[in-house]
Amino acid sequence: MQDRTAIAHLAKEVQSHFPDLDVLVNNAGISRIEAWDGDVIDIDTSLSIIETNVIGVLRLTAALLPTLARQASATIVTTTSGLAFVPRFNYPTYCASKAFLHSWLQSLRHQLRQKPIEVIELPPPYVQTELAGPRQASDPAAMPLADYIAEVIKLLGEPAPASGEILVERVKALRMAEQRGAYSEIYANLNPA
């Protein structure tokens, strides 16, 4: 996702070999712990997260949008995160990158409203993957990956909500925290003092 020439090459390959492409799934992402309270800031980690999670998604979407727009109907699915809505203090750039995508997808959905392209946001909760390291994959506090996939597949089979957001039950507490007046409590639970 960080190599713009590779993305341009991929777009040409897709247009050549898969001219009927009608689904783009933006699922690439990286997450790293960051400390901004010390004497040394590892800005390269932050920039790498932004390059992959934000710039890569924008580049790939821009490169494949012309192909998608030629179809009778098409779908763009982009993975964000429940942490876009209630961030964790030790993953500031990751959380901000996913909040950026949430906002960007709302604008993209509006801009493409006259085209036959559905724009879907998929914000997962904490899921048993290795996104934040190997321990996450077996953390009992995380949602089992198979359960997450099964629920997403079921929801994708239903009519998409007007918001364009596909929300599994376990992410709703984060997604609706502010709306329900629970933001401060959930933030404190995620970010103990």
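Just a few scattered comments:
- Enumeration of residues in the range 73-110 that are small (Gly, Ala, Ser), more than 9 Å from the chain's Cα centre (by Cα) and farther than 23 Å from ARG180 by Cβ: SER73, ALA74, SER107
Yes/no matrix, rows are residues, columns are (1) touching a Leu at 6+ places or on another chain (Cβ under 8 Å); (2) over 30 Å from ASP44 (Cα atoms):
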{"residue": "LEU105", "(1), (2)": "no, no"}
{"residue": "LEU112", "(1), (2)": "no, yes"}
{"residue": "ARG135", "(1), (2)": "no, no"}
{"residue": "VAL152", "(1), (2)": "yes, yes"}
{"residue": "GLY164", "(1), (2)": "yes, yes"}
{"residue": "VAL168", "(1), (2)": "yes, yes"}
{"residue": "MET176", "(1), (2)": "no, yes"}
{"residue": "ALA188", "(1), (2)": "no, no"}
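- For the range 49-72, the tally of residues that are within 24 Å of THR5 (Cα to Cα), of a type in the set (S, T, N, Q) and more than 12 Å from the chain's Cα centre (by Cα) stands at 2.
- Residue tally, condition closer than 18 Å to THR80 by Cβ, assigned to a loop (DSSP other than H, G, I, E, B) and not small (Gly, Ala, Ser), over the range 110-135: 7
- Residue check for ILE49: closer than 30 Å to GLN136 by Cβ, in a helix (DSSP H, G or I) and either modelled with pLDDT under 95 or touching a Ser or Thr at 6+ places or on another chain (Cβ under 6 Å) (or both): yes
- Residues being surrounded by 16 or more Cβ atoms within 10 Å (Cβ to Cβ) and either small (Gly, Ala, Ser) or in contact with a helix residue (DSSP H, G or I) (Cβ under 8 Å, 6 or more places away or on another chain) (or both) - total across the range 59-74: 7
- Selection status of LEU58, in contact with a strand residue (DSSP E or B) (Cβ under 6 Å, 6 or more places away or on another chain) and either at pLDDT 95 or above or basic (Lys, Arg) (or both): no
The values are calculated or read from the model by the stated rules, or taken from the named source; none is laboratory data. All figures in this text were calculated on a predicted structure; none of them were measured in a lab. Quick reminder, even Gly has a Cβ in these numbers, built from the backbone with ideal geometry, and neighbours come from all protein chains shown.
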